[in-house]
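Participant: What follows is a structure written as structure tokens; I'll ask about it next.
The values are calculated or read from the model by the stated rules, or taken from the named source; none is laboratory data. Because the structure is predicted, anything quoted here is derived from the model rather than measured. Please note: Cβ atoms are built from the backbone with ideal geometry, for glycine as well, and neighbour counts cover all protein chains shown. In case anyone asks, the SASA skips ligands and DNA or RNA and just uses the protein heavy atoms, side chains included. Shrake-Rupley method; radii C 1.70, N 1.55, O 1.52, S 1.80 Å.
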Amino acid sequence: MIREITPGDLSGLLELYTHLHEISVPEDSEHLRSTWSAISEHPDYHIIVCEEDGRIVSSCVCVIVPNLTRNVRPYALIENVVTHADYRGKGYATACLDYARRLAVSANCYKMMLITGTKSESTLDFYRNAGYSSEGKTAFYQLLDGNIVF
């Protein structure tokens, strides 16, 4: 079942993220709870999940970003695409990305963007097969340590 996340799904999502790049589930804290609240209450922040066997086995995030260019059309950012290791190769992540695409189209987005740090050809082929292109644009990113002072 592909759906958007509900407030009660946080622990299942955090467990799934250990199959992405997290080492462990973060400890319960005020910061975690306030971040979860901000995400779950934001109308343009969508966490899409695939539920199988009563657990969240795949997910992606789709954020719709308002924009003043391209005839004032928004764009969508895709992040945190992950599938539990035991459930890979079954089309679950593709279904999550398809759901995200439908969200972006319904929001009148003019493009979707996804950045990956993987060098794995099978993962890159997965994104290409899902309709993403690595041609024509150059992606840059900057990791921030939070120590910038104004």
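Participant: In nm, to one decimal, how far is the Glu22 label point from the Asn80 one, both placed 7 Å along Cα→Cβ?
Facilitator: 0.7 nm
Participant: Which one, Ser37, Ser120, Ser11, has the greatest fluctuation when you compute a Gaussian network model over the chain with C-alpha springs under 10 angstrom?
Facilitator: Most flexible of the set in this elastic network: Ser120.
Participant: From the mean inverse distance of alpha carbon pairs (Kirkwood) and the Cα radius of gyration, derive Rg over Rh for segment 44-131.
Facilitator: Result for segment 44-131 is an Rg/Rh of 1.00.
Participant: In the chain, what percent of the accessible surface is made up of carbon and sulfur (1.4 Å probe, ligands and nucleic acids excluded)? Intermediate results must be reported in sequence, preceding the final value.
Facilitator: On the way: 5330 of 10060 Å².
Using a 1.4 Å probe with all protein chains present, the chain comes out at 53 percent carbon and sulfur.
Participant: Order Glu27, Glu51 by their accessible area, 1.4 angstrom probe, all chains in place, largest first.
Facilitator: Working: Glu27 155, Glu51 50 Å².
From most accessible down to least: Glu27, Glu51.
Participant: Hey, got the dipole for segment 19-150? About the Cα centre, +1 on K and R Cβ, -1 on D and E Cβ, debye to the nearest 20?
Facilitator: On the way: 12 positive and 16 negative charges, 152 e Å.
With Lys and Arg at +1 and Asp and Glu at -1, about 740 debye.
Participant: At a Cα cut-off below 21 Å, give the lysines reachable from Lys137, other chains included and same-chain residues fewer than 8 away excluded.
Facilitator: Straight-distance partners of Lys137: Lys111, Lys119.
Participant: By how many nm would the segment from Leu68 to Thr123 grow when fully extended, if each residue of separation counts as 0.36 nm and the alpha-carbon distance is taken off?
Facilitator: Using 0.36 nm per residue and subtracting the Cα-Cα distance, I get 16.5 nm.
Participant: Which label marks the calculated value of semi-axes √(5λ) of the Cα gyration tensor in Å, given the options [x] 25, 16, 14; [y] 23, 19, 13; [z] 23, 21, 18?
Facilitator: Here semi-axes √(5λ) of the Cα gyration tensor in Å agrees with entry [z].
Participant: Write out the trypsin sites (Lys or Arg not before Pro) in segment 21-86 meeting two conditions: DSSP loop, and at most 16 other Cβ atoms within 10 Å of their Cβ. Present the calculation step by step, with values, prior to reporting the outcome.
Facilitator: Working: sites: Arg33, Arg55, Arg70; in loops: Arg70.
Answer by residue number: Arg70.
Participant: Moving to a separate point now. For the chain, with every protein chain kept in place, what is the accessible area per residue (1.4 Å probe, Å²)? Please list the in-between numbers first.
Facilitator: Numbers: 10060 Å² over 150 residues.
Normalised by residue count, the accessible surface of the chain is 67 Å².
Participant: Follow-up. Please list, in order along segment 34-46, the HN-Hα scalar couplings obtained from phi with the Karplus expression 6.51 cos²θ - 1.76 cosθ + 1.60 (θ = phi - 60°), rounded to whole Hz, x for Gly and Pro.
Facilitator: Values per residue, Gly and Pro as x: 6, 5, 4, 5, 4, 5, 5, 9, 7, x, 9, 10, 10 Hz.
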